Amino acid sequence: MTSARAWALALMCVAGCRTTAPERGRATMEEEGGTTVYVSGYADLVRVLQLDARGGLVETSSVSGGPNPAYGAWTPDRRFFYVSNEVDDGRVTAFAIGPAGALTRLGHVSANGRGTVHLVVNATARTVIYANYGSGNVAVRPILEDGRLGEPTSDLPAGNRAHQVVVSPDGRFVFVPVLGNDAIARFRFDPDLG
(Lines give C-alpha, C1' and ligand atoms only; values in the text may rest on other atoms or scores of the structure.)
Protein backbone atom coordinates (compact mmCIF):
# COMPACT_ATOMS: atom_id res chain seq x y z
CA MET A 1 0.00 0.00 0.00
CA THR A 2 1.33 3.42 -0.84
CA SER A 3 1.83 5.93 1.92
CA ALA A 4 -0.61 8.29 0.17
CA ARG A 5 -3.34 5.64 0.33
CA ALA A 6 -2.58 4.93 4.00
CA TRP A 7 -2.85 8.64 4.85
CA ALA A 8 -6.07 8.98 2.87
CA LEU A 9 -7.50 6.13 4.92
CA ALA A 10 -6.24 7.74 8.11
CA LEU A 11 -7.95 10.99 7.26
CA MET A 12 -11.21 9.16 6.67
CA CYS A 13 -10.95 7.53 10.09
CA VAL A 14 -10.22 10.51 12.33
CA ALA A 15 -12.42 9.79 15.29
CA GLY A 16 -11.93 12.98 17.26
CA CYS A 17 -12.49 13.29 20.94
CA ARG A 18 -15.77 13.31 22.78
CA THR A 19 -17.66 16.42 21.93
CA THR A 20 -19.86 18.86 23.77
CA ALA A 21 -21.69 19.54 20.49
CA PRO A 22 -22.46 16.09 19.02
CA GLU A 23 -25.15 17.53 16.76
CA ARG A 24 -22.43 19.37 14.87
CA GLY A 25 -19.75 16.66 15.15
CA ARG A 26 -17.26 19.15 16.55
CA ALA A 27 -14.63 18.23 19.08
CA THR A 28 -12.24 20.23 21.19
CA MET A 29 -8.85 18.79 22.05
CA GLU A 30 -8.70 20.23 25.55
CA GLU A 31 -11.81 18.51 26.89
CA GLU A 32 -10.86 14.88 26.41
CA GLY A 33 -7.13 15.02 25.92
CA GLY A 34 -6.82 14.95 22.16
CA THR A 35 -7.94 13.62 18.84
CA THR A 36 -7.84 9.92 18.09
CA VAL A 37 -6.93 8.69 14.60
CA TYR A 38 -7.49 5.10 13.44
CA VAL A 39 -5.29 3.88 10.60
CA SER A 40 -5.43 0.62 8.72
CA GLY A 41 -3.77 -0.20 5.48
CA TYR A 42 -4.65 -3.71 4.42
CA ALA A 43 -1.94 -4.97 6.80
CA ASP A 44 -4.20 -6.78 9.31
CA LEU A 45 -3.74 -4.08 11.96
CA VAL A 46 -5.73 -1.07 13.04
CA ARG A 47 -3.36 1.43 14.61
CA VAL A 48 -4.53 3.93 17.21
CA LEU A 49 -2.78 7.28 17.14
CA GLN A 50 -3.19 10.48 19.13
CA LEU A 51 -2.75 13.93 17.65
CA ASP A 52 -0.30 15.83 19.85
CA ALA A 53 -0.24 19.58 20.56
CA ARG A 54 2.25 20.20 17.71
CA GLY A 55 0.07 18.42 15.16
CA GLY A 56 2.12 15.22 15.14
CA LEU A 57 0.70 11.72 15.43
CA VAL A 58 1.86 9.34 18.17
CA GLU A 59 0.91 5.66 18.03
CA THR A 60 -0.60 4.59 21.34
CA SER A 61 -1.75 1.05 20.49
CA SER A 62 -2.75 -1.33 17.73
CA VAL A 63 -5.09 -4.29 17.41
CA SER A 64 -5.73 -6.99 14.85
CA GLY A 65 -8.34 -5.72 12.42
CA GLY A 66 -8.74 -9.07 10.72
CA PRO A 67 -7.61 -9.62 7.15
CA ASN A 68 -7.36 -6.51 4.94
CA PRO A 69 -9.17 -3.94 7.10
CA ALA A 70 -10.26 -1.44 4.45
CA TYR A 71 -12.55 1.23 5.89
CA GLY A 72 -13.68 2.21 9.35
CA ALA A 73 -16.64 3.94 10.96
CA TRP A 74 -17.64 4.56 14.57
CA THR A 75 -20.96 5.06 16.30
CA PRO A 76 -21.97 8.68 16.93
CA ASP A 77 -21.42 8.20 20.68
CA ARG A 78 -17.88 6.89 19.97
CA ARG A 79 -18.47 3.64 21.90
CA PHE A 80 -17.95 1.24 19.00
CA PHE A 81 -15.83 1.09 15.83
CA TYR A 82 -16.32 -1.13 12.78
CA VAL A 83 -14.05 -2.03 9.88
CA SER A 84 -14.82 -3.65 6.56
CA ASN A 85 -12.54 -6.55 5.70
CA GLU A 86 -11.97 -6.49 1.95
CA VAL A 87 -11.43 -10.21 1.34
CA ASP A 88 -13.12 -12.87 -0.79
CA ASP A 89 -15.25 -13.99 2.16
CA GLY A 90 -16.16 -10.40 3.13
CA ARG A 91 -16.43 -9.54 6.82
CA VAL A 92 -17.20 -6.73 9.20
CA THR A 93 -15.14 -6.58 12.40
CA ALA A 94 -16.47 -4.88 15.54
CA PHE A 95 -14.50 -3.15 18.32
CA ALA A 96 -15.30 -1.42 21.60
CA ILE A 97 -13.60 1.97 22.03
CA GLY A 98 -11.93 2.44 25.40
CA PRO A 99 -9.86 5.11 27.13
CA ALA A 100 -7.56 7.10 24.82
CA GLY A 101 -9.36 5.52 21.87
CA ALA A 102 -7.91 2.05 22.49
CA LEU A 103 -9.77 -0.70 20.64
CA THR A 104 -10.90 -4.05 22.02
CA ARG A 105 -11.92 -6.52 19.34
CA LEU A 106 -15.45 -7.87 19.84
CA GLY A 107 -15.44 -10.26 16.88
CA HIS A 108 -16.44 -10.35 13.24
CA VAL A 109 -19.42 -11.41 11.14
CA SER A 110 -19.81 -12.53 7.57
CA ALA A 111 -20.70 -9.71 5.20
CA ASN A 112 -22.83 -12.03 3.07
CA GLY A 113 -20.71 -11.21 0.05
CA ARG A 114 -17.22 -10.78 -1.37
CA GLY A 115 -14.84 -7.86 -0.94
CA THR A 116 -16.49 -5.72 1.74
CA VAL A 117 -15.13 -2.36 0.63
CA HIS A 118 -17.03 0.28 2.61
CA LEU A 119 -19.39 0.72 5.54
CA VAL A 120 -21.22 3.36 7.54
CA VAL A 121 -23.00 3.54 10.86
CA ASN A 122 -26.37 5.24 10.50
CA ALA A 123 -27.03 8.39 12.53
CA THR A 124 -29.20 6.61 15.10
CA ALA A 125 -26.32 4.15 15.79
CA ARG A 126 -28.71 1.25 15.33
CA THR A 127 -27.23 -0.27 12.17
CA VAL A 128 -24.09 -0.81 10.12
CA ILE A 129 -24.66 -0.65 6.36
CA TYR A 130 -21.97 -2.07 4.09
CA ALA A 131 -21.19 -2.61 0.40
CA ASN A 132 -19.57 -5.70 -1.07
CA TYR A 133 -17.52 -4.82 -4.15
CA GLY A 134 -16.97 -8.37 -5.39
CA SER A 135 -20.56 -9.60 -5.11
CA GLY A 136 -22.31 -6.26 -5.70
CA ASN A 137 -24.69 -6.35 -2.76
CA VAL A 138 -25.43 -3.97 0.08
CA ALA A 139 -26.51 -5.25 3.48
CA VAL A 140 -27.66 -3.95 6.86
CA ARG A 141 -26.96 -5.43 10.29
CA PRO A 142 -28.30 -4.14 13.61
CA ILE A 143 -25.85 -3.03 16.30
CA LEU A 144 -26.53 -4.97 19.47
CA GLU A 145 -26.27 -3.45 22.97
CA ASP A 146 -22.73 -4.79 23.44
CA GLY A 147 -21.54 -3.46 20.06
CA ARG A 148 -21.57 -6.78 18.26
CA LEU A 149 -23.59 -7.09 15.05
CA GLY A 150 -26.84 -9.02 14.75
CA GLU A 151 -28.21 -10.95 11.79
CA PRO A 152 -28.77 -9.04 8.52
CA THR A 153 -32.10 -7.23 8.28
CA SER A 154 -31.59 -6.40 4.59
CA ASP A 155 -29.36 -7.81 1.87
CA LEU A 156 -30.03 -6.42 -1.60
CA PRO A 157 -28.30 -6.44 -4.97
CA ALA A 158 -26.87 -3.02 -5.81
CA GLY A 159 -25.01 -3.81 -9.03
CA ASN A 160 -21.64 -4.83 -10.38
CA ARG A 161 -18.82 -3.53 -8.09
CA ALA A 162 -20.79 -1.72 -5.38
CA HIS A 163 -18.23 0.73 -4.07
CA GLN A 164 -19.51 2.88 -1.20
CA VAL A 165 -22.51 3.52 1.06
CA VAL A 166 -23.91 7.00 1.63
CA VAL A 167 -26.94 7.69 3.83
CA SER A 168 -29.04 10.74 2.98
CA PRO A 169 -29.00 13.56 5.56
CA ASP A 170 -32.59 12.74 6.59
CA GLY A 171 -31.68 9.03 6.98
CA ARG A 172 -34.46 7.87 4.64
CA PHE A 173 -32.31 6.74 1.69
CA VAL A 174 -29.11 4.81 1.09
CA PHE A 175 -27.09 5.51 -2.05
CA VAL A 176 -24.53 3.05 -3.42
CA PRO A 177 -22.20 4.07 -6.28
CA VAL A 178 -21.87 1.06 -8.58
CA LEU A 179 -18.71 1.26 -10.67
CA GLY A 180 -19.48 -1.63 -13.01
CA ASN A 181 -22.84 -0.14 -14.00
CA ASP A 182 -21.78 3.54 -13.98
CA ALA A 183 -24.81 4.20 -11.81
CA ILE A 184 -25.89 5.01 -8.27
CA ALA A 185 -28.31 2.56 -6.69
CA ARG A 186 -30.91 4.11 -4.38
CA PHE A 187 -32.69 2.28 -1.58
CA ARG A 188 -35.39 3.46 0.82
CA PHE A 189 -34.17 3.06 4.39
CA ASP A 190 -36.04 2.91 7.67
CA PRO A 191 -33.53 3.96 10.36
CA ASP A 192 -35.58 2.15 13.02
CA LEU A 193 -35.95 -1.14 11.19
CA GLY A 194 -32.83 -1.21 8.99
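The values are calculated or read from the model by the stated rules, or taken from the named source; none is laboratory data. Just so we're clear, the structure is a prediction, and the values are computed from it rather than from any experiment. Ideal geometry is used to build each Cβ from the backbone, glycine not excepted, and the neighbour counts take in all protein chains shown. What goes into the accessible areas is simple: the full protein's heavy atoms, side chains included, and nothing from ligands, DNA or RNA. Shrake-Rupley method; radii C 1.70, N 1.55, O 1.52, S 1.80 Å.
A quick yes/no check of all residues on (1) among the β-branched types (V, I, T); (2) without any contact (Cβ under 8 Å) to a residue 40 or more places away in the chain:
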{"position": "N68", "(1), (2)": "no, yes"}
{"position": "T104", "(1), (2)": "yes, no"}
{"position": "G107", "(1), (2)": "no, no"}
{"position": "G134", "(1), (2)": "no, no"}
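Summed over the range 159-190, residues that are open to solvent by less than 60 Å² (accessible area, probe 1.4 Å), assigned to a strand (DSSP E or B) and touching a residue at least 40 places away in the same chain (Cβ under 8 Å) total 7. Does D89 meet the test of being over 19 Å from V46 (Cα atoms), open to solvent by 10 Å² or more (accessible area, probe 1.4 Å) and either in a strand (DSSP E or B) or touching a Cys at 6+ places or on another chain (Cβ under 6 Å) (or both)? For D89, the condition - over 19 Å from V46 (Cα atoms), open to solvent by 10 Å² or more (accessible area, probe 1.4 Å) and either in a strand (DSSP E or B) or touching a Cys at 6+ places or on another chain (Cβ under 6 Å) (or both) - is not met. Checking each residue in the range 92-107 for being of a type outside the set (S, T, Y) and assigned to a strand (DSSP E or B) picks out V92, A94, F95, A96, I97, L103, R105, L106, G107. Residues that are basic (K, R) and open to solvent by less than 50 Å² (accessible area, probe 1.4 Å) within the range 41-79 comprise just one, R78. Name the residues in the range 130-149 that are of a type outside the set (A, V, I, L, M) and exposed (fewer than 15 other Cβ atoms within 10 Å of the Cβ), would you? Of everything in the range 130-149, those that are of a type outside the set (A, V, I, L, M) and exposed (fewer than 15 other Cβ atoms within 10 Å of the Cβ) turn out to be E145, D146.
The set of residues in the range 92-119 being touching a Lys or Arg at 6+ places or on another chain (Cβ under 7 Å) and open to solvent by 40 Å² or more (accessible area, probe 1.4 Å) consists of H108, S110. Cβ-Cβ contacts under 9 Å between residues 6 or more apart (or on different chains), taken from a first residue in the range 26-41 that is more than 24 Å from G65 (Cβ to Cβ) to a second residue that is modelled with pLDDT under 75 and open to solvent by 30 Å² or more (accessible area, probe 1.4 Å), are listed as R26/T19; R26/T20; T28/T19; T28/T20; E31/R18; E31/T19; E31/T20.
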